[in-house]
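Chemist: Here it is, the structure in full.
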Amino acid sequence: MDSPGALHTDEPHGDNLGQRLNRLRAGVLGANDGIVSVAAVVVGVAAATTDLGAIITAGSAALVGGAVSMALGEYVSVSSQRDTERALIAKEQRELAEMPDEELDELTALYRQRGLSPATARRVAEELTAHDALAAHLEVELHIDQEDLVSPWQAALSSAVSFTIGALLPMLAIVLVPASARIAVTVIAVLVALAGTGTLAARLGGAPKLRAATRLIVGGALALAATWLIGMLLGTAGVV
Ligand SMILES: [Zn+2]
């Protein structure tokens, strides 16, 4: 029977695939951050000085600082999401212990909303309650899968790693290319990479690809132009 109240993707495989795509997309966006922020720093410093040591120092600091900041942000966000989910789970446990009859009615009503007949909904609710009442309520009522909660540490680590992978591109470009072509090659490499990651992220999210890639390229180009200009001004003024 088709469920008319299909508010969420209740099909377990579809759900997992969606979550995996979301994680992959978050990784691509993390790499974007790494590319843009470290490229902006190394291009800015390279505009001010040809001293490779200074460029590498600034780029490494930007890489480490950015990766830590991304990890911290992700840790905080996933932790607070988990706290919310934990609180909901505790509340549900309490309700199940204190008013099992109301909870059984509630589960029955939720299954009726999904298109089951009153008798079938009641039976499903009773059998699921006998099997694992908490899991049944979490799934149908709150859409939480206790087995599938992302760990904050895992989320923090994966965002730090994706930022670092992205950051390595401008770092390598600026270090490996001779001074005369350093900035030009890095800018081109960054814009090409952003076109690629923008397209990929849009594809994973089912969004229009050209628009996403264009947005990223324009944003990245603006960031690089801004720090290049600052580097030029400070370099010319003799600050560096
Ligand atoms: Zn409930």
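The values are calculated or read from the model by the stated rules, or taken from the named source; none is laboratory data. Values in this document were obtained by computation on a predicted structure and should not be read as measured data. Using ideal geometry, Cβ is built from the backbone for each residue, glycine included, and neighbour counts are taken over all protein chains shown. With ligands, DNA and RNA removed, areas are computed over all heavy atoms of the protein, side chains included. Shrake-Rupley method; radii C 1.70, N 1.55, O 1.52, S 1.80 Å.
Chemist: Checking the structure you have, find out if any residue of the range 166-175 is buried (at least 20 other Cβ atoms within 10 Å of the Cβ) and within 18 Å of the chain's Cα centre (by Cα).
Modeler: To start, the set of residues in the range 166-175 that are buried (at least 20 other Cβ atoms within 10 Å of the Cβ) comprises 166-167, 169-171, 173-174.
Applying the additional criterion that residues be within 18 Å of the chain's Cα centre (by Cα) yields 166-167.
Yes; the residues of the range 166-175 include at least one that is buried (at least 20 other Cβ atoms within 10 Å of the Cβ) and within 18 Å of the chain's Cα centre (by Cα).
Chemist: In the range 48-67, what residues are within 11 Å of residue 231 (Cα to Cα) and part of a helix (DSSP H, G or I)?
Modeler: Listed by number, the list holds a single entry, 48.
Chemist: Still on this structure, I have one more. Mind checking whether some residue in the range 96-108 is over 30 Å from residue 23 (Cβ atoms), in contact with a helix residue (DSSP H, G or I) (Cβ under 6 Å, 6 or more places away or on another chain) and in contact (Cβ under 8 Å) with a residue 40 or more places away in the chain?
Modeler: Taking every residue of the range 96-108 in turn, at least one turns out to be over 30 Å from residue 23 (Cβ atoms), in contact with a helix residue (DSSP H, G or I) (Cβ under 6 Å, 6 or more places away or on another chain) and in contact (Cβ under 8 Å) with a residue 40 or more places away in the chain.
Chemist: Given 45, 38, which one is farther than 15 Å from residue 168 by Cβ, assigned to a helix (DSSP H, G or I) and in contact (Cβ under 8 Å) with a residue 40 or more places away in the chain?
Modeler: So the residue among 45, 38 that is farther than 15 Å from residue 168 by Cβ, assigned to a helix (DSSP H, G or I) and in contact (Cβ under 8 Å) with a residue 40 or more places away in the chain is 45.
Chemist: Now for a different question. Is it the case, given these coordinates, that residue 20 is within 16 Å of the ligand (Cβ to nearest atom), basic (Lys, Arg) and closer than 25 Å to residue 138 by Cβ?
Modeler: Values: within 16 Å of the ligand (Cβ to nearest atom): no; basic (Lys, Arg): yes; closer than 25 Å to residue 138 by Cβ: yes.
No.
Chemist: Would you please name the residue that is farthest from the ligand (Cβ to nearest atom), looking only at residues in the range 71-121 that are open to solvent by less than 80 Å² (accessible area, probe 1.4 Å) and basic (Lys, Arg)?
Modeler: Selected residue: 82.
Chemist: Exactly one of (1) under 24 Å from the mean Cα position of the chain (by Cα); (2) modelled with pLDDT of 95 or more; (3) open to solvent by less than 60 Å² (accessible area, probe 1.4 Å) is unmet by residue 61. Its number?
Modeler: (3)
Chemist: Please specify each residue of the range 122-135 satisfying the condition of being closer than 13 Å to residue 105 by Cα and within 11 Å of the ligand (Cβ to nearest atom).
Modeler: Listed by number, the residues that qualify are 125, 129, 133.
Chemist: Given the criteria closer than 30 Å to residue 55 by Cα and away from the ligand (no atom under 14 Å from the Cβ), does residue 156 qualify? Quick ask: steps written out before the conclusion?
Modeler: Working: closer than 30 Å to residue 55 by Cα: yes; away from the ligand (no atom under 14 Å from the Cβ): yes.
Judged against the criteria, residue 156 is a match.
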